[in-house]
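Bear in mind that the values in this text are calculations on the coordinates, not laboratory data. Predicted, not measured: the structure shown is a model, and the values here were computed from it. In this analysis, Cβ positions are derived from the backbone assuming ideal geometry, glycine residues included, and neighbour counts consider all displayed protein chains.
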Amino acid sequence: MKKTFELTHPKIKLARMIESAKHEVKKYLKRERNKTLPEGADYWDFDCKIGKTEQTADVIHVTTISQEIDTILAEDTTSFYLEILVKPATRSFEEKEL
């Protein structure tokens, strides 16, 4: 998903537009996580970027998307760019000594 979310609308208030954007992101993540994994993969990993524009986007962790959206909107912006790329990944386990 590579998308610029516009938060201005003549009839819909800003708070509702923000909720709508967050819901769309959660729905996308859920849909991607439910896809079947390729052979040898343990889970779906996400590469995320967020910023006011595509050129100023910073790399973030998938769990901080909602917080980063709130941070960007605190700066009185009317739009933000969000990029979420999905990739299969495997867990790496470290052996513990007894």
Top-ranked residue in the stretch 1-16 [being surrounded by fewer than 12 Cβ atoms within 10 Å (Cβ to Cβ) and touching a residue at least 24 places away in the same chain (Cβ under 8 Å); ranked as farthest from Ser79 (Cα to Cα)]: Lys2
Per-region count, the stretch 45-98, residues of a type in the set (Asp, Glu) and either in contact (Cβ under 8 Å) with a residue 60 or more places away in the chain or on the phi > 0 side of the Ramachandran plot (or both): 2
Filter result (in a strand (DSSP E or B) and more than 12 Å from Asp47 (Cβ to Cβ)) within the stretch 59-81: Ser79, Phe80, Tyr81
Verdict on Glu19 being without any contact (Cβ under 8 Å) to a residue 12 or more places away in the chain, part of a helix (DSSP H, G or I) and of a type in the set (D, E, K, R): yes
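Can you confirm whether the stretch 87-94 contains a residue that is surrounded by 14 or more Cβ atoms within 10 Å (Cβ to Cβ) and touching a helix residue (DSSP H, G or I) at 6+ places or on another chain (Cβ under 7 Å)?
Checking the stretch 87-94: not a single residue is surrounded by 14 or more Cβ atoms within 10 Å (Cβ to Cβ) and touching a helix residue (DSSP H, G or I) at 6+ places or on another chain (Cβ under 7 Å).
Being touching a Leu at 6+ places or on another chain (Cβ under 7 Å), surrounded by fewer than 16 Cβ atoms within 10 Å (Cβ to Cβ) and among the charged types (D, E, K, R) narrows it down to one of Asp47, Asp76, Asp70, so name that one. Write out each step before concluding.
On the way: Asp76 fails: touching a Leu at 6+ places or on another chain (Cβ under 7 Å); Asp70 fails: touching a Leu at 6+ places or on another chain (Cβ under 7 Å).
Of the residues listed, the single one that is touching a Leu at 6+ places or on another chain (Cβ under 7 Å), surrounded by fewer than 16 Cβ atoms within 10 Å (Cβ to Cβ) and among the charged types (D, E, K, R) is Asp47.
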